[in-house]
Amino acid sequence: MPMLQTMPAQHTTGTDAAPRAGTPESDDGKSIFHRHAGLVLSVSSAVLIVFAWTLSRWAELPHPVAVAIYLMAYACGSFMLGVGAVRNVRRGSFSLNIDFLMIVAAIGAAVLGKWAEGAFLLFLFSLANALEHYALGRARNAIRALADLSPPTARLLQNGVETVVSIDAVSVGDTVVVRPAERIPVDGRVHSGSSSVDQSPITGESVPVEKTVGDEVFAGTINGSGAIEIISSRAVGDRTLDRVIRLVAEAQTQRAPTQVLTDRLTRIFVPAVLGLAVLLIVVPPLLSWLTWSESFYRAMTVLVGASPCALALGTPATVLAGIAQAARKGVLIKGGAHMENLGTVTAIAFDKTGTLTVGKPEVTDIVPASGATPVELLTIAAAVERRSQHPLAAAVVRRATQDSLELPSAGDLQSVTAKGVRSPVGGQVVEIGSLKLWDDTPGGVPDEIRNQVLKLQAAGRSIVVVRWGARWLGVLGVMDRPRPSARDTLNTLRTLGLRSLVMLTGDNKGVGAAVGSEVGVDEVHADLLPEDKVGVIKEMLKTHRAVAMAGDGVNDAPALAQATVGIAMGGAGTAVALETADVALMGDDLSRLPFAIALSRRARAIIRQNVIFALAVIVVLIIAGTTGLATIGPAVLLHEGSTILVVLNALRLLAFDTPRN
């Protein structure tokens, strides 16, 4: 995937946007030595330091020779720092950053004749760089691994002949053959065959999904035991997997609010530390408190201890790990700011259709009139409705198909706006619709039919009344069923401390109340237009600190944009959902929402831990260095140790899993 090669490193500890020295921007295509050059040079520096120190102590190594060896250790320890500095100068982005502080401190130690301590400083700093690069690489590799999900070739079927071609050669509309246990190379729909498909790499679903003719499949998923033919629907670069990789790569470049704050602090802090070092060098000797040598040494110790490496690295490392883990679990979080904001949410508004419900109406009630049978009612209704494009009509036809009913032929369909349809069947006119369809009918609607309609409407059903000629056949109740996981998901959200779970719907109050009661929301707002949903979100924001809106990413776009965090359902199959919302649940799986919120809260907690710990270490080392309680050696150990610890603390997010109810 070409877009991954341009993914910038998140490992920035200086005041500029360039990666910290010694951290390559990309390892793609590099040899093992080049990928681990920082570690090799760091180890070489350590060997030289031990060699020089040992011989100086026990073999009376001449001082000039020892200095020469220490200089080689200096060169090994500072090589990657120099490479980074040269790169920044060429870019015109050189500034007073953390690397500069380390180099100044090492030079200062050499001036004082503390060659071993200066070399030791550069060794540990270069080792920390190498280890940080390795640790953060684990998080980046979680995203890079997505690129390896899609095979580089596809088996193209043309004129009955299979040909293995590069994936770039597959166009929209081409037929691709996928054999059992192979990865699917394209987005498309099944044209022939059936199989179970493991979609976990894209959607996070733990159970394989059965696919048959007409079902959608995604590149990077794994075919099961059946061979299938797929008609490609998206070209390379526009596939769901490609969009996910691209959006996650972009998300990694978006800084979290805490990171913005620490970056601003670092830009002020580094010059302040340099100023403090100058004062430490000059003021104590002038006031006869310390000798020039002692004062200079303490200033160098302060330079080491006050460098905010851990402070600058703790937040981006956490954001990188959090976004990577979310993507692995089928949740796309499109930036550090959205991840932090999601962790602050105390209330959520849910769209009803397609979010709390399946989004596909079903016939739930078949109530025949006197003298009619359920089979007759459904058969005649489906015979007419299969000519209609209305969602309720589709539900009636699906139910008839499930019941294996043979449908008679129907004549031309006549639509009566906002009331229903008419069509002849067996020489008599069939009328299907709401009670309004018979407003002008002599005698009106029988009480039996009217009572059934009122009863079903009270239960939240949309109703379909059927009359064939002079006979009333009965009433069908249709409902968009709640997702099976909806109630459990909402209960889990409450255990996470969500105070208000609200449902928004354009349906009437009866339907809204029925669905709301079944899934267990706290409030139901019905009869809403898109602009009305925005108004509800604004009112919720006045009451609650942060509000999320979960919807389908299309009709709910205004409300998604108004909320603190917009959460789109069905990201795996909907390009609009991927582009519109701040968070996308890739597998159209509402049960992933508690995981996303819990992950974001854990990330916020880790960011706070890292910032507090880093600041505490800096304060302690500044005090210890200024007062002479710490020398360069211990300061280096504590400083670089704190940097490694915040990275390892951030990487704990890579093991985070779904919270239990």
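The values are calculated or read from the model by the stated rules, or taken from the named source; none is laboratory data. Since the structure is predicted, the reported quantities are computational estimates derived from the model, not experimental observations. Cβ: placed from backbone, ideal geometry, glycine included. Neighbour counts: every protein chain shown. We work out accessible area using only protein heavy atoms, side chains counted, and drop any ligands, DNA or RNA first. Shrake-Rupley method; radii C 1.70, N 1.55, O 1.52, S 1.80 Å.
Considering G570, G566, the condition of being under 19 Å from H338 (Cα atoms), surrounded by fewer than 24 Cβ atoms within 10 Å (Cβ to Cβ) and either modelled with pLDDT under 90 or within 18 Å of the chain's Cα centre (by Cα) (or both) is satisfied by G570 alone. When the residues of region 285-300 are filtered to those that are without any contact (Cβ under 8 Å) to a residue 12 or more places away in the chain and assigned to a helix (DSSP H, G or I), the one that is surrounded by the fewest Cβ atoms within 10 Å (Cβ to Cβ) is L286.
Can you name every residue in region 606-629 that is open to solvent by less than 20 Å² (accessible area, probe 1.4 Å) and farther than 25 Å from A324 by Cα? Correct list: V617, I618, L621, A624, G625.
Any idea which of D403, D365, D412, D440 is charged (D, E, K, R), touching a Ser or Thr at 6+ places or on another chain (Cβ under 7 Å) and farther than 30 Å from A568 by Cβ? Testing whether each residue is charged (D, E, K, R), touching a Ser or Thr at 6+ places or on another chain (Cβ under 7 Å) and farther than 30 Å from A568 by Cβ leaves just D412.
The combined condition, being touching a Lys or Arg at 6+ places or on another chain (Cβ under 8 Å) and outside any helix (DSSP H, G or I), is fulfilled by T658.
Applying a threshold of 8 Å to beta carbon distances and a minimum spacing of six or more residues, or different chains, the list of pairs starting in region 582-603 at a residue that is more than 19 Å from L653 (Cα to Cα) and ending at one that is surrounded by fewer than 24 Cβ atoms within 10 Å (Cβ to Cβ) and among the aromatic types (F, W, Y) is empty.
To keep it simple, each residue is scored yes or no on (1) in a helix (DSSP H, G or I); (2) touching a strand residue (DSSP E or B) at 6+ places or on another chain (Cβ under 6 Å).
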residue	(1), (2)
N341	yes, yes
V345	no, yes
V363	no, yes
S370	no, no
A394	yes, no
D412	no, no
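The set of residues in region 529-551 being farther than 20 Å from N341 by Cα, touching a helix residue (DSSP H, G or I) at 6+ places or on another chain (Cβ under 7 Å) and either open to solvent by less than 40 Å² (accessible area, probe 1.4 Å) or modelled with pLDDT of 85 or more (or both) consists of K533 alone.
Considering only residues that are assigned to a loop (DSSP other than H, G, I, E, B), at pLDDT 80 or above, open to solvent by 40 Å² or more (accessible area, probe 1.4 Å) and not polar (S, T, N, Q), which ones fall in region 175-213? Outline the logic, then answer.
Kept after step one, since they are assigned to a loop (DSSP other than H, G, I, E, B), are these residues of region 175-213: 179-182, 184-187, 193-194, 199, 204-208, 212-213.
Filter once more, keeping what is at pLDDT 80 or above: 179-182, 184-187, 193-194, 212-213.
Pick out the ones that are also open to solvent by 40 Å² or more (accessible area, probe 1.4 Å) and you get 179-182, 194, 212-213.
The answer is R179, P180, A181, E182, V213.
Scanning region 396-420 for residues that are crowded, with 18+ Cβ neighbours inside 10 Å, under 18 Å from G477 (Cβ atoms) and at pLDDT 90 or above returns V396, V397, R399, A400. All conditions in (1) within 17 Å of I348 (Cα to Cα); (2) open to solvent by 20 Å² or more (accessible area, probe 1.4 Å); (3) assigned to a loop (DSSP other than H, G, I, E, B) hold for P484, with the sole exception of (1). Return the residues of region 630-661 that are among the hydrophobic types (A, V, I, L, M, F, W, C) and open to solvent by 10 Å² or more (accessible area, probe 1.4 Å); say none if nothing qualifies. Within region 630-661, A630, L637, L638, I644, L645, L648, L651, L654, A655, F656 qualify. Taking into account only those residues within region 220-263 that are charged (D, E, K, R) and under 23 Å from S196 (Cα atoms), which is modelled with the highest pLDDT? Only one residue tops the list, namely E229.
Select from region 496-532 the residues that are among the hydrophobic types (A, V, I, L, M, F, W, C) and part of a loop (DSSP other than H, G, I, E, B) and list them in ascending order. Working first, answer last.
Here is the first cut: in region 496-532, the residues among the hydrophobic types (A, V, I, L, M, F, W, C) are 496, 498, 501-504, 511, 513-515, 519, 521, 524, 526, 528-529.
Listed by number, the residues that qualify are L496, L498, V521, A526, L528, L529.
Return the residues of region 218-232 that are of a type in the set (V, I, T) and surrounded by fewer than 24 Cβ atoms within 10 Å (Cβ to Cβ); say none if nothing qualifies.
Here is the first cut: in region 218-232, the ones of a type in the set (V, I, T) are 221-222, 228, 230-231.
I222, I231, listed by residue number.
Taking the criterion of being within 17 Å of A550 (Cα to Cα) and in contact (Cβ under 8 Å) with a residue 24 or more places away in the chain, the residues of region 480-495 that qualify are P482, R483, S485, A486, R487, D488, T489, L490, N491, T492, L493.
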